[in-house]
Amino acid sequence: MPAASRTAEVAVAAPGEAAAAPAAAVGTPAAWRVLSAVLWPVAIATYLHTVSVALPVVDGVDFQIIYGGASDFLQGRPVYDDVAYLFFPGGLLLSSPMAVIDPESSHTVYVLLGALCAPVAAAVALRMMGRSWRSPLGAGVLFGLAISESVTVTLVLGNVNTWLAALQVSALFLLMRRRDTAAGLMLGLAITLKPVVAPLLLVPLLARRWGMAAVTAAVTAAVTAVSFLLVAERDQFLSITMPTLTSTRDGANSSLTAAATFLEAPSGVALLTRAVVVMLVVLVLVWSRAIPDEPVRLATQAGALMLGTFLAAPLSEMYWSVLLLPLILTVCRPASPMHTWPAWLAVYLFATLDIWAAPQWSPAVAEYYIQLRPTAGWALLLAVLVAWTWRQHRHAGADRYQAAAPALGAVNHPTAAWLRRQLRIPGALGRGHR
């Protein structure tokens, strides 16, 4: 139909009716403005509600333990005689300022800063992926954080996981920006605060960023050494805390070892599955070098290392999953392991607060689900990374062979002739040497 006729049809409306304006196409600036207007109020209100729930819980288990350890440290009393205190000496030193004020005021400041760290981590991760925090994507991520188990339980119990996430994402972002000293400082502080992120030191090493790795190691070693010298009865850290950290804890433990214990599986099963996990993480790290998109490559390597740590460590807790935020937000990139439905099923399993229990069900159903779902989610996401990075590696290899084909076809050598036959590349000598 001619454009003029279509215009006339739009202009002619029924009596008393105005001509309908064309709807904004999805992806246009107008559509993004509408999405922002819808999503941001919902996301902000939901997140503020999550924070408001955590603020009155001054007796959060984790906060009480961390505050008590910090108070004992500042007053020169032994810290590690408490088997529940699991911070390394470096984390003890970094957290000690919180005990300068009374517990109630400290808890308020502590929760508010922890609540600020989660959106800061998300904003930096989105910036790393080339997206703006002010977009509807930022609102969607904030809403996801507000309803996630990781952020909700971290704030209610009073842990430092969101602080850790902000340091981790900042380190990756600065690494990508070639600011090795600042990146090393951030990663060093993160490892000092909670050594669960220590495997991330492999990320700069894989990128051959020796300066960042050196700064990270120096910061971690310096802060840990100073704090170890300042702790009273420091030998208790080695005699009490380290055995606790290396043993399998009952309750609030989602590691493979804990899952095997829960299922009453033989001890060899846990050892075998942990070995398989380590092997799969190594494969992801090797194959990920073929990923051409640097933000996706860094986030994939960091995510694989965290997933391997969560699964293979003796002690892993579900709310550590906030450390997978950079990997999850690679969904914003043109190519990402997060473009598949199994990846998001995995995210649901380790990020949801859903219990899936009903009165008519056996209590064992809820018990099995609660205990095993984060482990299953981490394992599923690791499997997704293995499959996706293998495809990236295979495609990169095929591209290299195609690029080398013209030169290989012109080489007059028995080995080149054999390679031509294997790769089905026409050779200058036809059938090659005989």
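In table form, for the structure just shown:
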| quantity | calculated |
| --- | --- |
| Failed condition for Leu142, given (1) over 13 Å from Ala43 (Cβ atoms); (2) modelled with pLDDT of 95 or more; (3) surrounded by fewer than 24 Cβ atoms within 10 Å (Cβ to Cβ) | (1) |
| Subset of the stretch 94-119 (residues that are buried (at least 19 other Cβ atoms within 10 Å of the Cβ) and of a type in the set (A, V, I, L, M)) | Leu94, Met98, Ala99, Val111, Ala115, Ala118 |
| Matching option when the condition is in a helix (DSSP H, G or I), at pLDDT 95 or above, touching a helix residue (DSSP H, G or I) at 6+ places or on another chain (Cβ under 7 Å) and over 22 Å from Leu167 (Cβ atoms), among Val322, Val296, Val277 | Val277 |
| Per-region count, the stretch 18-44, residues loosely packed, with under 13 Cβ neighbours inside 10 Å and modelled with pLDDT under 80 | 11 |
| Among (1) touching an Asp or Glu at 6+ places or on another chain (Cβ under 8 Å); (2) part of a helix (DSSP H, G or I), the one test that Pro334 misses | (2) |
| The stretch 275-329, residues that are farther than 17 Å from Leu145 by Cβ and aromatic (Phe, Trp, Tyr) | Trp287, Phe310 |
| Hey, Pro326 more than 16 Å from the chain's Cα centre (by Cα) and closer than 21 Å to Ala122 by Cα or not | no |
| Considering residues of the stretch 62-81 that are closer than 17 Å to Phe237 by Cα and crowded, with 21+ Cβ neighbours inside 10 Å only, the residue nearest to the chain's Cα centre (by Cα) | Ile66 |
| Wholly within the stretch 199-261, helices (runs of 4 or more DSSP H) carrying at least 3 residues that are more than 21 Å from the chain's Cα centre (by Cα) | 210-230, 242-245 |
| Selection status of Gly130, within 20 Å of Ala302 (Cβ to Cβ) and assigned to a loop (DSSP other than H, G, I, E, B) | yes |
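Okay, residues lined up against (1) farther than 26 Å from Thr162 by Cβ; (2) touching a Lys or Arg at 6+ places or on another chain (Cβ under 9 Å); (3) among the charged types (D, E, K, R); (4) modelled with pLDDT of 95 or more:
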position: Thr181; (1), (2), (3), (4): no, no, no, yes
position: Gly184; (1), (2), (3), (4): no, yes, no, yes
position: Leu189; (1), (2), (3), (4): no, no, no, yes
position: Leu201; (1), (2), (3), (4): no, no, no, yes
position: Ala214; (1), (2), (3), (4): yes, no, no, yes
position: Val231; (1), (2), (3), (4): no, no, no, no
position: Gln236; (1), (2), (3), (4): yes, no, no, no
position: Ser239; (1), (2), (3), (4): yes, no, no, no
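The values are calculated or read from the model by the stated rules, or taken from the named source; none is laboratory data. Being a predicted model, the structure only gives us computed values, none of them experimental. Quick reminder, even Gly has a Cβ in these numbers, built from the backbone with ideal geometry, and neighbours come from all protein chains shown.
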